1. Between residue 34 and residue 237, what length comes free when the chain is fully extended (0.36 nm per residue of separation minus the Cα-Cα distance, one decimal in nm)?
2. Scan around residue 10 for amide H atoms under 5 Å from its own, H built in the peptide plane at 1.01 Å from N, and keep only partners 5 or more places away or cross-chain.
3. Can you give the FRET efficiency to the nearest 0.05 for residue 298 and residue 218, using r as the Cβ-Cβ distance and R₀ = 25 Å?
4. Of 35, 98, 165, which is farthest along the charge dipole of the chain in the positive direction, counting Lys and Arg as +1 and Asp and Glu as -1 at C-beta?
5. For the stretch 10-310, what are the per-bin percents of Cα-Cα distances with bins 10 Å wide, up to the bin holding the maximum?
6. Quick check for me: using +1 on Lys/Arg Cβ and -1 on Asp/Glu Cβ, what's the dipole size of the chain about its Cα centre, in debye to the nearest 20?
7. Residue 163 versus residue 196, label points 7 Å from Cα toward the beta carbon: distance in nm?
8. With runs of 4+ DSSP H residues as the only contributors, calculate the mean residue ellipticity of the chain at 222 nm using -39,500 (n - 2.57) per run, divided by the residue total and rounded to the nearest 500.
Amino acid sequence: MWPNISATPFLLTGFPHMEAAHCWLSVPFFVIYVSVFLGNGTLLHLIKNDYRLQEPMYYFLAMLAGTDLTVTLTTMPTVMGVLWVNHREISHGACFLQAYFIHSLSIVESGVLLAMAYDRFIAIRTPLRYNSLLTNSKVMKIGLGILLRGFVSLLPPILPLYWFPYCHSHVLSHAFCLHQDVMKLACADITFNRLYPVVLVAFTFFLDALIIFFSYVLILKTVMGIASGEERAKALSTCVSHISCVLVFYLTVIGLTFIHRFGKHAPDVVHITMSYVYFLFPPFMNPIIYSIKTKQIQRSIFHLFSVYNRA
């Protein structure tokens, strides 16, 4: 049976009943997108070119920045297309591919945050073995494992979308494609597509968050055993940026889940706005957090500006 991708295209939605304001809404969205590109692009540039940042901790940070950039690039064309020029049509194939990347990259980001927790765990619990345990090859293997987990685990629910018949409304509730929106339009048995994501979330987001929590319990136990108060503060300061990014990511995940589960009677604009917050707030905040909280990043930024000023 051939994939069903030549049928009537889906129609994307911006903010329902606020179409007249789409032009104005596009301004803050465009500013946020540009900020995400500049912030994460700068981090990648610094880590690539500053030898002082070429350590496992910053390699994982580069993975986080790359993931944030990619998920932003994945959503930007359709979001800005709807808000700027009211281009709402999207083909089935493009829609399913966008949904695949959006959800896969969310799992990748969770995996990167877990890897960063592992990095801090090794650095504080066994600092003398840090370089021998987290070699470049080990970091590459961890990164490859994170990517495989994210992109392979999303194939089972996404592939059936290509064969489902779509005889209900073709209007989606966002300016980008999400699996949960698309599957509701299918005239087919979607039991697997309803259950699989629940199991996947439990074994990725929930499990990752649990491991991160327990890793910091052990880290805190180790730090409290350090005699010097100054050394304790120094050890904890290396974790502040990561903890902040973890909170930003998982609080948005919890918020979105809470709205979908218990906010069924909330206005559509609340659901839609929370979805945008989920996909844009972490990529926007992560570079800011690391720029403010990490002295090495600050020094590298100052050095970059001084080079440009001399040029």
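No lab work stands behind these numbers, since they all come straight from the coordinates. Owing to the predicted nature of the structure, the values given are computational and were not obtained by experimental measurement. In this analysis, Cβ positions are derived from the backbone assuming ideal geometry, glycine residues included, and neighbour counts consider all displayed protein chains.
1. 70.1 nm
2. Amide H to amide H, under 5 Å and 5 or more residues apart or across chains, residue 10 pairs with 90, 92.
3. For R0 = 25 Å, the calculated efficiency reads 0.30.
4. 35
5. 6, 25, 32, 22, 11, 4, 0
6. Taking the Cα centre of the chain as origin, the dipole is about 920 debye.
7. In this crude spin-label approximation the distance works out to 1.1 nm.
8. Helix-only estimate at 222 nm: -25000 deg cm²/dmol.
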